[in-house]
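Quick notes on the structure that follows.
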Amino acid sequence: HWAHVPPTAVQQQLRTAFSHWGLPRRLRVDNGKPWGSWSDLPPALALWLIGLGIDMVWNDPRRPQQNGVVERSQGTAKRWAEPHACRTVAELQTRLDEDDRLQRERYPLAQGRSRWQLFPGLTHTGRRYREADEGGTWDLERVRDHLAGYAVSRQVDRQGKVSVYNRNLYVGVMHGGKPVCVQFDPEQECWVVSD
């Protein structure tokens, strides 16, 4: 069983990866934590990435084959690193890092050449990232535009409220128990609730 990793820890690991490899143009994710639910609003972590200019691509539920390259590479990593033989998480991480480097830099992919030799763009995306610059490059407009594409269902509680990003929106006690649709209006910069 994997322990729950908080989104803030994932975010910090992504910052480290982006600082080293550059910002990707898109990120393909599944629908589990911390990436969200296929049928609901994207979580804050995804909105942060969108604000950085990264397009998010969510796999359809229960369709791991949509991310087949990653699924295969995880299987290869398990075989090569032999997690069952590792005494500590640090030892497993060291093995994974070494095997990843071997797979990327030395293992022949085609015509006796490694991935790095065949695809020099793998060394860096060309899109520079520095955490210190994040505040000046993060774009709220991209997030607003992205949210405008969602229409999600909510049930009004007995107090006449619906929850959106852990905040309660009051829509009226008379609507208690009713299903409603919640959408973001980027022009008015507000949530619209309709029946």
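The values are calculated or read from the model by the stated rules, or taken from the named source; none is laboratory data. Because the structure is a prediction, the values reported are computed rather than measured. Don't worry about glycine lacking a Cβ; one is built from the backbone with ideal geometry, like all the others, and counts go over all protein chains shown. For the accessible areas, the whole protein counts, side chains as well, though only heavy atoms, and no ligand, DNA or RNA atoms are used. Shrake-Rupley method; radii C 1.70, N 1.55, O 1.52, S 1.80 Å.
If amide H atoms are built 1.01 Å from N in the plane of the peptide, which residues on other chains or at least 5 residues away come under 5 Å of the amide H of Lys161?
Residues meeting the criterion, in which the H sits 1.01 Å from N, are Val171.
Treat every Asp and Glu Cβ in segment 73-148 as -1 and every Lys and Arg Cβ as +1, leave all other atoms uncharged, and give the resulting dipole magnitude about the Cα centre to the nearest 20 debye.
I would put it at about 380 debye.
Excluding ligands, DNA and RNA, what is the solvent-accessible area per residue of segment 73-137 at a probe of 1.4 Å, expressed in Å²?
It amounts to 76 Å² per residue over segment 73-137.
Using only the alpha carbons, work out the radius of gyration and Dmax of segment 68-127 in angstrom.
13.1, 38
Which number comes out as Rg/Rh for the chain once both Rg and the Kirkwood Rh are worked out on C-alpha atoms?
Computed over Cα atoms, the ratio is 1.06.
Given an 8 Å cut-off on Cα distances and at least 6 residues of separation, report the relative contact order of the chain as a percent.
Result for the chain is 19 percent.
Among Val89, Val156, Val173, which one shows the biggest mean-square fluctuation in a GNM of the chain, springs joining Cα atoms closer than 10 Å?
Greatest mean-square fluctuation among the candidates belongs to Val89.
Using a 10 angstrom cutoff on alpha carbons, build the Gaussian network for the chain and name the most mobile of Gly149, Gly172, Gly53.
In the Gaussian network model the winner is Gly172.
Taking θ = phi - 60°, what integer Hz values does the Karplus form 6.51 cos²θ - 1.76 cosθ + 1.60 yield along segment 97-106, in sequence order, with x for Gly and Pro?
4, 5, 5, 5, 4, 4, 4, 7, 9, 10
Roll a 1.4 angstrom probe over the protein heavy atoms and tell me the percent of accessible area of the chain that is carbon or sulfur.
With neighbouring chains kept in place, the figure for the chain is 51 percent.
Just how far, in whole angstrom, is segment 163-195 from segment 84-119 if you go by their alpha carbon centroids?
48 Å
Connecting C-alpha atoms closer than 10 Å in a GNM of the chain, tell me which of Arg15, Arg95, Arg87 has the biggest fluctuation.
Largest GNM mean-square fluctuation: Arg87.
Any idea which of Ala44, Leu102, Phe184 is furthest toward the positive side of the dipole for the chain, if Lys and Arg beta-carbons carry +1 and Asp and Glu beta-carbons -1?
Going by the Cα projections, it comes out as Leu102.
With charges only on Cβ, +1 for K and R and -1 for D and E, what is the dipole size of the chain about its Cα centre, in debye, rounded to 20?
Dipole of the chain, to the nearest 20 debye: 580 debye.
Hey, rough spin-label estimate for Ala85 and Gln188, points 7 angstrom out along Cα→Cβ, what's it come to in nanometres?
Going by the 7 Å Cα→Cβ label model, 6.3 nm.
For Ala9 and Arg127, what is the calculated FRET efficiency with R₀ set at 22 Å and r taken between the beta-carbons, to the nearest 0.05?
So, using R0 = 22 Å, E works out to roughly 0.40.
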